Amino acid sequence: MRTKRLLVLSLILAAGCKPPTPAEQMDSVLSWIGTAGMAGDAWLRHTTPDTYTRQTFELSSKTLGQISKDLLESPPTMVDPAALDRVLSETSKRITRMAALIGAKNAPDFARQLDSLRNDQKTVKALADSIEAKQ
Amino acid sequence: MEINIEQLLGTKVCDIDGNDVGRIEEFRVERDGKSCLVDAYLIGASALIQRLSAWTLVRPIERFLNARKIYTIYRVPWQDMDLTDPRHPRLRVRKRDLRHAK
Amino acid sequence: MKKFLQIALGIVTSVGGFLEIGSVATAAQAGASFGYKLLWAIFIGTICLIFLVEMSGRFSAVSKHTIVDAMRERFGFPFFSIVLLGMVLVAFMVLVAELGGIGLSLQILTGIGFPWWAIPVSFVVWLLMWKGTFGLIENGVSLLGLVTICFVVAAVKLNPDWHGAARGLLPSLEGDQKAKYGFIAVSILGATISPYLMYFYSSGAIEDEWDVSYIPINRIIAVFGMSFGGVLSMGVLVTSALAIQPNGIDIDKFEQVALLMTTALPRWGFYLFAVSMLVACLGAALEISLAISYFFAQGFGWNWSESLTPSKDARFCFTYTVIILVAAIPLLLHADPIKVTMISMALTAATLPLAIVPFLFLMNDPIYLGEHRNGWISNSVVGIVILISFVLAVISIPLQIIGG
Amino acid sequence: MDLVRDVLDKRLMDREDCEMGRVDGLVMRIGENSQPRITHIEIGGRTLWMRLHPGIAKLAATLARRWGPKRTTTVRIPWSHVVATGKELKLDVEARETGAIDWEIWIARHIIERIPGGGHEEEE
């Protein structure tokens, strides 16, 4: 009797485990772009070791890729999915490229990429805001 | 017959007519030299409070609720307890003839 | 003079031992997601902890019993075994989180992933327990833990808005993300009010042979040690609110927390963070392993003392050996220490009544404490905070699960 | 004196103030018309697990047959050996001889002593 009740309860809980909303997914995307940006700034100021920074960039790009894949499986209706796909994959690629630049200790190129990353961040932010506004 | 008192603890007790009296919560003993003799059994919720030495916590609540006797405690002398079936202890007297302790 | 030294050492060790992965991760998360708004959770948690630690010391000094001793004696084995099961399960999860914290600190320093560190780290923790004495663990590691003061330095250097921070000390409700807000608040309360600290503290009072004359000393140490400790947690939260939140970062990985002090202390921030976490988690891992072994040993009446040769208290040593060994397994399987931390902190809050309610009974027991038993102020403060934590936990943990 | 509050679950110390466990159980002898008498103190896992559930006791017994010291009977100490009650119970016995610390000795000999730095259980 008791096990049956537990089973029902866990089923309800499992059913209640709803996937994150597009707005929440956009927040995670922004969070990881922000992480890369902050880690990049810190690296340019010589405050973090190379290995850690590179690994953080790799982690950011990996996580970004994962979230964008989930996000584009059922794209939010309020924005153009193609535009979203473009900016997300571009950002993810940029972060991967930056990870390689850390390995090469190429600070000038890295700084330029970091500026572009800030621009990507603004674009994503605008998209995220329009998703949130329309919800 | 041998009984483990920790097994007896918390067992429900009936009186001679089969009425519910309460649970055994404490054993009052008399130490006499090398031996230790059971004098009485304490039955009821108040006996539990006493066993947990929790009167200092419970009294203020009791006073707050303005209820003097919400819990019971019976002191059953050993002669009045029939333990031939340790799972179902029975009193040899009626519930209304029991003495409230304290 | 001797008393003064004792007080100073007591305060210093409480401060040095205050932070661990739970308090840092929850405070950093709170700051990154909600700014100063959750400072109140650290505030009331610390007040409750001050009362609990003072009570634990007083209980052992007066009754010459540890809390666990008395819990078994007063409530009997069946009830005790429920508390034992609950406490040991939660403490075990916290231990996994602390070992993971050491591993992660080493990972950001060396680049070698934390699962590789699981075995070496557990071995070092075990070796310190095997060879070390209680004094070494209590004083040595906590003294090193003073490095965690850097979190407060970082917070002050970022010029916080003191008015905003003061407003955060008052509980407020969050509009948008109620479930997340509640969950982080619960985790902070769980991280601050850690029952294992009480068991550790009361066993320490017995190992150091305290008596009634220690009551004033104990009170001063509890008040100052724990409130300075609470300030460290608040330092983490404020630093995170000022350095992490503007970047839009929502902390769910250790790599993100590692950036905490890179803006405030450009030259040393990163390394100070890594070393602080390393030392703080090491100290906490030792304390928790000891607390778990104390729990078993005192509950079952085995010999116990951290200062004996292992074979003189074989079952006690056997317990921590097994616990530390088993705690390495989830890390070897890549369990994310930050996730384990957040879950175990929330579970700590949810199980607080199990640990604290029996303890309040003991603290009012005239047989154990005589005239030194609790007054109504201590009872109500602890009672209310525990009730708040429990209610918050019961509401927000299911919401968090449903929210994914 | 109240048995449950003042005796059951208290710590037991032997003649040399060595911990020998806790009062896990108390045995009472009842006769037809004689006053019930506390005859023994029981120490050990079997009595403890029985307090939780007979099933757990059975499981523990099965496990103990595979590992641990070989002992089939519960450790019982006659009440007449109780010297003093109070904070703990002081007994006029030698812990080692009663079997109350069989597990302590078994774990010391079979596990702890085999780890370097564990020391030896028998040395003073």
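Put a dot 7 Å past the Cα of C:Leu146, heading toward its Cβ, do the same for C:Gln177, and the two dots end up 3.7 nm apart. Pairs of Lys residues in segment C:2-402, spaced 8 or more positions apart or belonging to different chains, with C-alpha separations under 23 angstrom: 14 in total. With K and R counted +1 and D and E -1, the other residues having a Cβ less than 15 Å from that of C:Ile377 yield a net charge of +2. Counting Cβ atoms of other protein chains within 10 Å of each Cβ in C:261-274 and taking the mean gives 3. Per-residue ellipticity at 222 nm computed for the protein assembly as shown from its helices equals -20500 deg cm²/dmol, with DSSP H segments shorter than 4 residues left out and the rest contributing -39,500 (n - 2.57). Once the convex hull of all Cα atoms in segment C:1-114 is built, its volume per residue stands at 171 Å³. By the rule of a C-alpha distance below 18 Å, with chain neighbours fewer than 8 residues away ignored, the aspartates and glutamates paired with A:Lys105 are A:Asp41, A:Asp50, A:Glu58, A:Asp115. Note on C:Leu272, C:Leu85: ascending count of other Cβ atoms within 10 Å places them as C:Leu85, C:Leu272, the fewest first. Proximity of backbone amide H atoms, modeled 1.01 Å from N, is registered between D:Gly25 and D:Glu42 at under 5 Å, excluding neighbours fewer than 5 places apart on the same chain. Using C-alpha pairs under 8 Å with a sequence gap of at least 6, the mean separation divided by the residue count of chain D gives a relative contact order of 25 percent.
Mean per-residue shielding of peptide A:54-65 is 2, counting Cβ atoms of other chains within 10 Å of each Cβ. Take the Cα of C:Glu371, step 7 Å toward its Cβ, do the same at A:Ser89, and the gap between the two points is 8.1 nm. Pairs of Cα atoms nearer than 8 Å and 6+ residues apart set the relative contact order; for chain C it is 37 percent. Computed over the Cα atoms of segment C:2-402, the ratio of the radius of gyration to the Kirkwood radius (Rg/Rh) comes to 0.95. Which residues among segment B:71-85 fall inside the zone where the amide N is under 16 Å from a point 7 Å beyond the Cα of B:Arg94, along Cα→Cβ? Of the residues in segment B:71-85, none has backbone N under 16 Å from the label point off B:Arg94.
Determine the distance separating the Cα centre of segment C:279-325 from the Cα centre of segment B:9-68; give it in Å without decimals. A separation of 37 Å, based on Cα centres. Could you give me the percent of Cα pairs per 10 Å distance bin for segment A:20-134, shortest bin first, beginning at zero and ending with the bin that holds the maximum distance? That works out to 14, 49, 26, 10, 0, in percent per bin.
At q = 0.25 Å⁻¹, what log₁₀ I(q)/I(0) does segment A:60-107 have when each alpha carbon counts as one equal point scatterer in the Debye sum? Per q value, in the given order, log10 I(q)/I(0) is -0.86. Annotation for C:Phe134 and C:Arg219: the two label points, set 7 Å from Cα along the Cα-Cβ direction, are 2.4 nm apart.
Work out the FRET efficiency for A:Thr123 and C:Ile112 from their Cβ-Cβ distance, taking R0 = 30 Å, and round it to the nearest 0.05. Result of the calculation: an efficiency of 0.25. Each Lys or Arg adds one and each Asp or Glu subtracts one; over the other residues with Cβ under 13 Å from the Cβ of C:Ala222, this totals +1. With both residues required to sit in the protein assembly as shown, DSSP beta bridges show an antiparallel share near 90%.
For B:Lys95, a cut-off of 13 angstrom between C-alpha atoms picks up these aspartates and glutamates, skipping any fewer than 8 places away in its own chain: B:Asp15, B:Asp17, B:Asp20, B:Asp80. Listed peptides D:100-111, A:43-54 appear in the order D:100-111, A:43-54 once ranked by packing, highest mean of other Cβ atoms within 10 Å at the front. Pairs of Cα atoms in the protein assembly as shown fall into 20 Å distance bins, from 0 up to the last occupied one, in shares of 15, 43, 30, 11, 1, 0 percent.
Every number here is computed from the coordinates shown, using simple stated rules; none is lab data. A quick note: this is a predicted structure, and the numbers were derived from the prediction, not measured. A quick note on method: Cβ atoms are made from the backbone with ideal geometry, for glycine too, and the neighbour counts reach across all protein chains shown.
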